[in-house]
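Here is the structure we will look at, set down as structure tokens.
Every read-out reported here was derived from the displayed coordinates using simple, explicitly stated rules and does not represent laboratory data. Note that this is a predicted model, so its numbers are computed, not measured.
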Amino acid sequence: MTIPTDIGIELFKSFAPMIVAVGAFAIGLELLKQKIEKKVREKNGEPPEERIKRLTNNLKEAISTISEIEKELKERQALAEKVKSDYEIYQKLADLKKEEVDAVTQALRGELREEGNKSLWISIFINLAFFMVGIFATKYIT
């Protein structure tokens, strides 16, 4: 099974246009709202202090929105990098040559064979010890 080489980058590329589009849409709505408010104010009149306060608040909101978008882009980029590094590790494991796989398999079989022999002798000694205890207990009781 193979994984596409640039899955993380592709994931980032697929989400980035959506985030930018949503941000542009929000900015467009805000601009439309401001135009409508400006028309209403022109009819009613707005003091300069209120206008400065309103524009300052709008600027703060825009900065906050941009910061949130940047934060989300950085998170997605970090995720894409992690996916890419994981893919590279898995690809290296998948690219092991048959001889390397056979060598690792033989080494593991040797270890298991040694453990099996060791376990057999330990079982024999334990059984012998219980057998001897049984003989002495039988002679002592009778």
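Membrane-span-like helices in the chain, defined here as complete DSSP H runs extending at least 27 Å along the helix axis by their C-alpha atoms with mean Kyte-Doolittle hydropathy no lower than 0.0, are 7-44, 98-141; this is a sequence and geometry rule, not a statement about a membrane.
Is the C-alpha gyration tensor of the chain telling us rounded, prolate or oblate? Criteria: a/c under 1.5 is rounded; beyond that, a/b larger than b/c is prolate, otherwise oblate. Cα axes put the chain in the prolate bin.
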